[in-house]
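These notes concern the structure reproduced below.
Taken together, the values in this text are just the output of simple stated rules run on the coordinates, not laboratory data. These numbers were taken from a predicted model, which means no experiment stands behind them. Here the Cβ positions follow ideal geometry from the backbone for every residue, glycine too, while neighbour counts run over all protein chains shown.
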Amino acid sequence: MTVEVLYFAWLRERVGHPRETVQTDAATPRALIAELAARSDGHAAAFGDIAALRCAVDQQLTDLDAPLSAPRGCVLSADDGGLMAARVQSDPFDLATELAGFGAGAGAVVTFTGIVRDDGGMLDALEIEHYPGMTERALTDHGLAAASRFGLSDWRIIHRHGRIPVGGQIMMVATAARHRRAAFDGADFLMDWLKSRAPFWKREIARDGTTSWVAARPEDEDALTRW
């Protein structure tokens, strides 16, 4: 079987290239990773912490032990402008514009906007990378799951990519429901997933030009256990 493997963020840096095509008989992504890890020292370093990896096959996030039978694989570390939508874009968004007509007829609307902050006075910008197509699909799937679970009448996710300066918008979530508890819970559910599981990779750019990839925090992982 021929599999095209795409690398993102620190995986790409350690392996040394963004993609490679491999011939494999691996039955699962986990087995494929084991084969890839033996290719070079860079591959071994990239796959040293398998718990930190995310995997998608044909732009669909999947488990490392799921069957690998599709013609393409992606090993990880749509803008339709309407309501009930997920968008990924480089430009800032206008909250008032996004909420115009949102949640019509609902009893509660909840919004959250994430901002690039600089806790230590050393950060210049945050650089966000994503996999076009797959990321939008993942966000849409999770938005639909939130709507079904919490009875949302409307939802919206907007997430930016590229270089965002301190004080700039990163993302927004909006939810609408008949009752406030459902709207709040739906927003919390989406934000917890976006923080720890959404397929984005973030790199901090310091004022002196040095960079570092942002790792998942234990408290963010713990937040997911609520759901």
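Residue farthest toward the positive end of the dipole of the chain, with Cβ of Lys/Arg at +1 and Asp/Glu at -1: which of 128, 45, 109? Farthest towards the positive pole: 109. Which of the three applies to region 85-224, rounded, prolate or oblate, going by the alpha-carbon gyration tensor with a ≥ b ≥ c and a/c under 1.5 meaning rounded? Prolate, since a/c reaches 1.5 and a/b exceeds b/c. In the chain, taking the dipole from charged Cβ atoms about the Cα centre, the farthest positive-side position among 194, 84, 172 is held by 84. In order along region 213-227, phi translates into HN-Hα couplings of 6, 8, 8, 5, 9, x, 5, 6, 5, 4, 4, 5, 5, 4, 9 Hz, rounded to whole numbers, per the Karplus curve 6.51 cos²θ - 1.76 cosθ + 1.60 with θ = phi - 60° and x for Gly and Pro.
In the chain, the DSSP beta bridges split such that about 90 percent are antiparallel, to the nearest 5. Computed from point charges on the beta carbon alone (+1 for Lys and Arg, -1 for Asp and Glu), the dipole magnitude for region 78-199 about its Cα centre is near 460 Debye.
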